[in-house]
1. Go through the stretch 139-163 and give me each residue that's over 25 Å from the mean Cα position of the chain (by Cα) and not aliphatic (A, V, I, L, M).
2. Please work out which residue is farthest from the chain's Cα centre (by Cα), limiting yourself to the stretch 100-130 and to residues that are farther than 24 Å from Arg156 by Cα and open to solvent by 80 Å² or more (accessible area, probe 1.4 Å).
3. Checking Ala106 against (1) within 20 Å of Asp123 (Cα to Cα); (2) at pLDDT below 70, which test does it fail?
4. Would you be able to tell me the number of residues in the stretch 127-157 that are small (Gly, Ala, Ser) and touching a residue at least 40 places away in the same chain (Cβ under 8 Å)?
Amino acid sequence: MTPAPGAVPPPPGGYRAPVRHGFPETPVETTTRLRPVRPRQRWRTAAAAACVVLGLGLIGGAATGAWLTGDSSAGTAKSPYTAARAAWHSVPVDTLFPRTLKGRGAGPGGTHRTWTRVAVAADSTCKDGLDPLLLTTLRSVGCERLVRATYTDATRSAVTTVG
């Protein structure tokens, strides 16, 4: 870079004027002060250390619990719902929905009732066979298909559907 005409180069090791680019410094750059740093408070340091120790203890306890309960030699127990999900394909209707059900103390005043199956509906989707409010509840637990039967009591005064 060539110096401007009439400019004198500074002596070696001498003061060199800062380069100006044609716009002044803003007031923010000239008036900003540093905020004083407060001294550390011992109680904050102790609280942070206690949180670290408790957090590591909780994480370690959870990892140990998962490791101890994750024993692969233990047999996995099948839930009745898991077994029932596939049972309706191969189990006879009379096993899924018996012809009669005995309801001990199921009637008014604790009387015994006998329920007789009057109909078995064909399997359908949950959307086609359920009330919209009940559908929203059962969809959250995984309702996929609906299998149902209707029963009446011996007096034929009460009817109920199970599925």
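1. Within the stretch 139-163, Arg148, Thr150, Tyr151, Thr152, Asp153, Thr155, Arg156, Ser157, Thr160, Thr161, Gly163 meet the criteria.
2. Pass one, the stretch 100-130, residues farther than 24 Å from Arg156 by Cα: 123-128.
Applying the additional criterion that residues be open to solvent by 80 Å² or more (accessible area, probe 1.4 Å) yields 127-128.
Values: Lys127: 25, Asp128: 29 Å.
Here the residue is Asp128.
3. (1)
4. 2
The values are calculated or read from the model by the stated rules, or taken from the named source; none is laboratory data. Computed from a predicted structure; not experimentally measured. Glycine gets a Cβ as well: all are built from the backbone with ideal geometry, and neighbour counts include every protein chain shown. In case anyone asks, the SASA skips ligands and DNA or RNA and just uses the protein heavy atoms, side chains included. Shrake-Rupley method; radii C 1.70, N 1.55, O 1.52, S 1.80 Å.
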